[in-house]
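One structure is given here, and the rest of the page talks about it.
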């Protein structure tokens with residue numbers, strides 16, 4: 001059985017984080033600079049949401065919102081679907097598919113420890129492509 005921990009051991013556990021008060025424009029620049037497709041959004045030191053490229057497209061651009069004036073709190077995906085290090089990747093993929101999402105936030109004892117994507121799962125489980 002492959003687990004979430006297998007992915008984080010292979011790719012690392014660095015998470016790009018932003019405050020819920022930051023603007024969409026700042027978040028987009030941070031994502032581009034870090035070459036990532038999502039950010040974890042924090043509020044009061046807790047995970048409050050996730051902001052993804054899809055959120056940018058659908059909730060900002062398509063909605064005609066000004067990225068320089070829109071705070072992430074207004075357009076982030078929330079509540080956040082999480083997983084744990086010991087979770088089975090097949091279960092994670094199923095949950096992501098059911099919710100039509102591409103990212104899971106990894107937490108242990110209420111602490112943020114990483115993010116995995118559907119692409120990460122497919123890379124370690126090529127039989128499921």
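Structure notes:
- Any hit, region 101-119, residues being assigned to a helix (DSSP H, G or I), more than 14 Å from the chain's Cα centre (by Cα), modelled with pLDDT under 95 and farther than 23 Å from residue 19 by Cβ: no
- Residue pairs whose Cβ atoms lie under 7 Å apart, separated by 6 or more positions or on different chains, with the first residue in region 25-37 and farther than 14 Å from residue 117 by Cβ and the second surrounded by fewer than 11 Cβ atoms within 10 Å (Cβ to Cβ), are 25/68.
- Leading residue by the ranking (farthest from residue 112 (Cα to Cα)) among those in region 50-69 that are in contact with a strand residue (DSSP E or B) (Cβ under 9 Å, 6 or more places away or on another chain) and buried (at least 18 other Cβ atoms within 10 Å of the Cβ): 59
- Qualifying residue in region 61-79 (condition: assigned to a helix (DSSP H, G or I) and over 17 Å from the mean Cα position of the chain (by Cα)): yes
- Looking across 36, 47, 115, one residue alone is under 15 Å from residue 6 (Cα atoms), out of contact with any helix residue (DSSP H, G or I) (no Cβ under 7 Å at 6 or more places or on another chain) and crowded, with 16+ Cβ neighbours inside 10 Å. It is 115.
- Per-region count, region 16-40, residues under 10 Å from the mean Cα position of the chain (by Cα) and either over 17 Å from residue 61 (Cβ atoms) or not in a loop (DSSP other than H, G, I, E, B) (or both): 6
- Residue that is farthest from residue 36 (Cα to Cα) [pool: residues in region 86-105 that are touching a strand residue (DSSP E or B) at 6+ places or on another chain (Cβ under 6 Å) and surrounded by 16 or more Cβ atoms within 10 Å (Cβ to Cβ)]: 92
- Selection status of residue 85, under 15 Å from residue 6 (Cα atoms) and without any contact (Cβ under 8 Å) to a residue 40 or more places away in the chain: no
The values are calculated or read from the model by the stated rules, or taken from the named source; none is laboratory data. None of the values given here were measured: they were computed from a predicted structure. Glycine gets a Cβ as well: all are built from the backbone with ideal geometry, and neighbour counts include every protein chain shown.
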